[in-house]
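Asker: Following this message is one structure expressed as structure tokens.
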Amino acid sequence: MAHSATGRSIPIITPAEGVTEEMIRELVVTFYDRVLKDPDLGPIFSKALSGRWSEHLAIMVDFWSSIALRTARYSGKPQAAHFGLPLNEQLFSRWLELFEGTARELFEPDAAEFFIVRAQRIAESLQIGLGIGPKALRLP
């Protein structure tokens, strides 16, 4: 455990054992193919990323590589990228459902769980930052 400036314990996230770049690429490509085909998520992603799917997939591979393998290839701003999109709790739940199903289908339980837990944290953080959901910070 590391400690933040406030003295709170912060778990150190180490690279995932057994996760490879090939696995990350397979997860990203398979998952986003399912997102595009989803009747609720597909139209949102298609509109937001029109003509930029290849670029988006490469960014997501870098994002997950940074998380899983600590490559530090991703330097984007996820909150800003999602700001203004028509998102809500139900869409985040659907996103997680598709992601979890994809990870469990593609990988052994330990690797799938690694990705799923991080995806849940990411979704929660995005929802808080975007003011969506019960845990979102609501300022007066």
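Computed from the coordinates by the stated procedures, all read-outs in this text should not be read as laboratory data. A quick note: this is a predicted structure, and the numbers were derived from the prediction, not measured. Virtual Cβ from ideal backbone geometry, glycine too; neighbours counted across all protein chains shown.
Asker: List every residue whose amide H lies under 5 Å from the amide H of Y74, counting only residues 5 or more places away in sequence or on a different chain, with H placed 1.01 Å from N in the peptide plane.
Answerer: Here the answer is S66, since their amide H atoms fall under 5 Å of that of Y74.
Asker: Sorted by average packing, counted as other Cβ atoms within 10 angstrom per residue and highest first, what order do 118-124, 103-109 take?
Answerer: Details: 118-124: 16.3, 103-109: 14.4.
In descending order of packing, they fall as 118-124, 103-109.
Asker: In addition: How much net charge surrounds K37 when only other residues with a Cβ under 14 Å from its Cβ are counted (Lys, Arg +1; Asp, Glu -1)?
Answerer: Numbers: positive: R34, R94; negative: D33, D38, D40, E97.
Here the charged neighbours net out to -2.
Asker: Using a cut-off of 13 Å between beta-carbons, work out the net charge of the residues near I67 (Lys and Arg +1, Asp and Glu -1, I67 not included).
Answerer: Details: positive: R70, R73, R118, R121; negative: E21, D62.
Once all neighbours under 13 Å are counted, the net charge is +2.
Asker: Moving to a separate point now. Describe numerically, in nm with one decimal, the distance between label points set 7 Å from Cα along Cα→Cβ at S66 and at D33.
Answerer: 2.6
Asker: Quote the FRET efficiency, to the nearest 0.05, computed for E21 versus K47 with a Förster distance R0 of 22 Å and r equal to the Cβ-Cβ distance.
Answerer: Details: r = 30 Å, r/R0 = 1.35.
Calculated transfer efficiency: 0.15.
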